[in-house]
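No lab work stands behind these numbers, since they all come straight from the coordinates. In this text, all values refer to a predicted model and were calculated from it rather than measured experimentally. Reconstructed Cβ throughout: ideal geometry from the backbone, glycine too, with neighbour counts over all protein chains shown.
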């Protein structure tokens, strides 16, 4: 019995570092399950599409993705929304007057103010008693893409020599296979 007690005293429990590593691994697994932002209106979240009318035929279309939504998806969803809006406004084609995609990086810090008591023979094999506040700080970054496009909506055929003009029906037809709607997500 004494050997068991002695073994218990000298065997250190899982270290705080190991616990953080396990927690980090769990977060990585959860992140692996995350899905890109589906094509949806931005209602009560900070992701999705929105538009704003600027003039009679000029609109600003925006799309913001989450941390796992790539730049290409944001670009495709902007064009797709511009095409949908063009058809909703009885137009046939739209012109990209201005477009910008930006990567937004937010930095977060996580503090661990967990007071640590190592007990009479706890974390050290040498014996003694230790107690203290451990302030571990972890900093991590989360990046996402968001973009906007100012478009002009027109009726009639798409100008052939204008690389900023897009046929709304062609955009819908060609990008539809790449658009993930909310009911398809997860």
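Using Cβ counts within 10 Å as a stand-in for footprinting exposure, how do 69, 47 rank, fewest first?
Going from sparsest to densest Cβ surroundings: 47, 69.
Could you sort 49-56, 100-107, 87-94 so that the peptide with the highest average Cβ count within 10 Å comes first and the rest follow in order?
Peptide ranking by packing, descending: 87-94, 49-56, 100-107.
FRET efficiency for residue 58 and residue 35, Cβ-Cβ distance as r, R0 = 35 Å, nearest 0.05?
It comes out at approximately 0.60.
If neighbour count is taken as other Cβ atoms inside 10 Å, put 68, 61, 95 in order from fewest to most.
The most exposed by this proxy come first: 68, 95, 61.
Give the calculated FRET efficiency between residue 183 and residue 50 to the nearest 0.05, with a Förster radius of 35 Å applied to their Cβ-Cβ distance.
Taking R0 as 35 Å, the efficiency between residue 183 and residue 50 is 0.95.
As an exercise, use a Förster radius of 30 Å and the Cβ-Cβ distance of residue 88 and residue 68 to find the FRET efficiency, rounded to the nearest 0.05.
Efficiency computed from Cβ-Cβ geometry: 0.55.
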